[in-house]
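In what follows, a single structure is set out as structure tokens and then discussed.
The values are calculated or read from the model by the stated rules, or taken from the named source; none is laboratory data. The structure presented is a predicted model; accordingly, all values stated were derived computationally and were not measured. Because the Cβ atoms are built from the backbone with ideal geometry, glycine has one as well, and the counts that use them run over all protein chains shown. Remember, those area values only see protein heavy atoms, side chains included, never the ligands or the DNA or RNA. Shrake-Rupley method; radii C 1.70, N 1.55, O 1.52, S 1.80 Å.
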Amino acid sequence: MSATEPAGGSTGAGGRVGTLRGVGVGPGDPELVTVKAARVIGAADVVAYYSARHGRSIARSIAAPYLRDGQLTEPLVYPVTTETTDHPGGYEAAITEFYDASAERLAAHLSAGRDVVVICAGDPMFYGSYMYLHERLAHRFPAEVVPGVTSISAATAVLGRPLVERDEVLTVLPGTLPADELTRRLADTDAAAVLKLGRTFPQVRAAFADAGRLADAWYVERATTEGGRELPLAEVDPDGVPYFSLAVLTSPTGDAVAAGVGADPGVAPSTDPAAPTGSTALTGSTAARTGSTAATGGGEPAGGVTVVGLGPAGTRWLTPETSQALREAEHLVGYGPYVDRVPHRPGQHRHTSGNQVEIDRARHALELALAGARVAVVSSGDPGVFAMATAVLEVATTDERFDAVPVRVLPGLTAAQAAASRIGAPLGHDFAVLSLSDRLKPWAVIEQRLAGAAAADLVLALYNPASASRRWQVEAAQKVLLRHRGADTPVVIARDVGRPGERITVVPLADLDPSDVDMRCLLIVGSSTTRTDRRADGSTVVWTPRTYPG
């Protein structure tokens, strides 16, 4: 890298300027300093390090074996760390001023031809304070970064647990994030590390609990040092948690193996022709490895079925509880497109089938659970709204084989809620939810219920309005509704809510065109009080007042 002379500065003998090096010295054990880092530290003319006002520096204590006599040192003492400041510009101004001044102190050495090393605990470019000096000096002087072992690598090493395996996702989070953001991100990842604890620890632990991950999390303090410790996060006393600690979610695959559960990748899937379409059935040997203890002699099975709602689309609308259930399941059972929405997890078996075999699908899930497996049955939206929860409970309560199989239902965001949120608040008052599909009930019943709800002046959320083979119901429903509703009643056509092809349109009831509606749509038909308004930005909102006339 070429160097330019600092403004107002001078260069060393022969016009030489020094080289700036940010050097990571690892998490705490001096033996984890890399060979290159040790060599660079020992050769430097000037060694700089950060410290608090008490003068102690973790980085300097780690690097102490590699310092030599005669080296110049530059302690960079923070003006403020966790305490408040009386600086007129507040904390940000105080710390910016500090980095500016520190950079100029080092620039004087570099201009004089001295090589400067800034030592940092961990890695200098991973939440390291060296980067603020690099930003200020690297365009003025030759600069190099020597990486170090991170605290995350050290933590998983002392725990003896894999951090991530195969295609698992790792999320690294600062504990200073808002609690709800921490919760959201912890719920939507395979593995995680949360740094910068100290005073943030109570909210970090609460976020793990809210995300349903507290039981799986570990706490590591001062990893690789003599005073280090590690224990389950749930057991940590919040008092005295130091800044140099972190919370870790390790590989769910590794955790399963450590617990003696999870699929054995060396066992071939069953080729039983009786297995459902897309199914990978457990063989007897695999069942044993997954911790699946089949019920014998009337005993209670170790497994169970959890029916989960995926919401209308995307992981961002999953609840933390649902995310945890999907991670913990050994088997996923569901309609193919819905199962495809769930991220693949190593060792997890997927059983997909068509859209009109709900009872067969439910029975297969219960049979897997009866053999001792943890099974998640997936539905779009909420599993209890025109979805798989009813099918599973129907089989579980009518077939005595499954009397002892635990079944639980976890809620999901419904399509009606999602569609309503996209256009305003059309469900702001009393409303009814109906399905226009006549596959499981006769059209005469649907028409009777439509007429009753319309006569009661309820807002209507209409599911399953049409399909490739069922096109006439929308027009028939429109005729029923127009007997009780004005022609200008707003109808929201919500298509592919939450997905790339999302489209929300609003039309008067009389102008509803059945050709605009398919199975990927949901209709919301307003009541006599539902309003449609244009906002100043040109957008349309539909809302139903919470009060009713008279």
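Scanning region 239-261 for residues that are over 25 Å from Ala59 (Cα atoms) and modelled with pLDDT of 90 or more turns up Leu249, Thr250.
The residues on offer are Val194, Val172, and the sole one that is without any contact (Cβ under 8 Å) to a residue 60 or more places away in the chain, hydrophobic (A, V, I, L, M, F, W, C), open to solvent by 10 Å² or more (accessible area, probe 1.4 Å) and in a strand (DSSP E or B) is Val172. Just one residue in the set Ala209, Ala294, Ala288 is in a helix (DSSP H, G or I), modelled with pLDDT under 90, open to solvent by 30 Å² or more (accessible area, probe 1.4 Å) and within 30 Å of Thr397 (Cα to Cα); that residue is Ala288. Which of the residues belonging to region 364-402 are within 29 Å of the chain's Cα centre (by Cα), more than 29 Å from Ser435 (Cα to Cα) and open to solvent by less than 50 Å² (accessible area, probe 1.4 Å)? Passing the criteria: Leu368, Ala369, Gly372, Ala373.
Looking at Val433, Val405, just one residue is within 26 Å of Gln324 (Cα to Cα) and either open to solvent by 60 Å² or more (accessible area, probe 1.4 Å) or aliphatic (A, V, I, L, M) (or both), and that residue is Val405.
Run down Arg534, Arg483, Arg499 and say which single residue is over 21 Å from Phe386 (Cβ atoms) and within 37 Å of the chain's Cα centre (by Cα). Among Arg534, Arg483, Arg499, only Arg534 is over 21 Å from Phe386 (Cβ atoms) and within 37 Å of the chain's Cα centre (by Cα). The strands (runs of 3 or more DSSP E) located wholly in region 467-545 that include 3 or more residues which are open to solvent by 20 Å² or more (accessible area, probe 1.4 Å) occupy 503-508, 531-534, 540-543. The set of residues in region 491-506 being of a type outside the set (Lys, Arg) and within 19 Å of Thr532 (Cα to Cα) consists of Val491, Val492, Ile493, Ala494, Ile504, Thr505, Val506.
For region 436-451: of the residues being open to solvent by 30 Å² or more (accessible area, probe 1.4 Å) and either in contact (Cβ under 8 Å) with a residue 60 or more places away in the chain or of a type in the set (Val, Ile, Thr) (or both), which is farthest from Tyr463 (Cα to Cα)? Step by step, filter region 436-451, then rank; the result is Val445. Screening Ser61 against (1) modelled with pLDDT of 90 or more; (2) open to solvent by 20 Å² or more (accessible area, probe 1.4 Å); (3) not in a helix (DSSP H, G or I) leaves a single unmet condition, (3).
None of Ala223, Ala187 is buried (at least 21 other Cβ atoms within 10 Å of the Cβ), at pLDDT 90 or above and in contact with a Leu (Cβ under 9 Å, 6 or more places away or on another chain) except Ala223. Among the residues of region 310-324, those identified as surrounded by fewer than 22 Cβ atoms within 10 Å (Cβ to Cβ) and not basic (Lys, Arg) are Ala313, Gly314, Thr315, Trp317, Thr319, Pro320, Glu321, Gln324.
Scan region 416-424 and tell me whether some residue there is under 29 Å from Leu458 (Cβ atoms), out of contact with any strand residue (DSSP E or B) (no Cβ under 8 Å at 6 or more places or on another chain) and of a type in the set (D, E, K, R). There is no residue in region 416-424 that is under 29 Å from Leu458 (Cβ atoms), out of contact with any strand residue (DSSP E or B) (no Cβ under 8 Å at 6 or more places or on another chain) and of a type in the set (D, E, K, R). Selection of region 64-98 for residues being modelled with pLDDT of 90 or more, part of a loop (DSSP other than H, G, I, E, B) and surrounded by 12 or more Cβ atoms within 10 Å (Cβ to Cβ) yields Leu67, Gln71. Kindly establish whether Arg350 is under 24 Å from Val164 (Cβ atoms), of a type in the set (D, E, K, R) and outside any helix (DSSP H, G or I). Yes, satisfied. Scanning region 325-361 for residues that are over 24 Å from Leu186 (Cα atoms), among the aliphatic types (A, V, I, L, M) and buried (at least 21 other Cβ atoms within 10 Å of the Cβ) gives a single hit, Val333. Report whether or not Val40 is surrounded by 14 or more Cβ atoms within 10 Å (Cβ to Cβ), at pLDDT 95 or above, hydrophobic (A, V, I, L, M, F, W, C) and more than 16 Å from Ala103 (Cβ to Cβ). In short, yes. Within region 105-163, if we keep just the residues that are charged (D, E, K, R) and not in a helix (DSSP H, G or I), the residue that is surrounded by the most Cβ atoms within 10 Å (Cβ to Cβ) turns out to be Asp123. Taking the criterion of being touching a His at 6+ places or on another chain (Cβ under 9 Å) and open to solvent by 20 Å² or more (accessible area, probe 1.4 Å), would at least one residue in region 410-426 satisfy it? Checking region 410-426: not a single residue is touching a His at 6+ places or on another chain (Cβ under 9 Å) and open to solvent by 20 Å² or more (accessible area, probe 1.4 Å).
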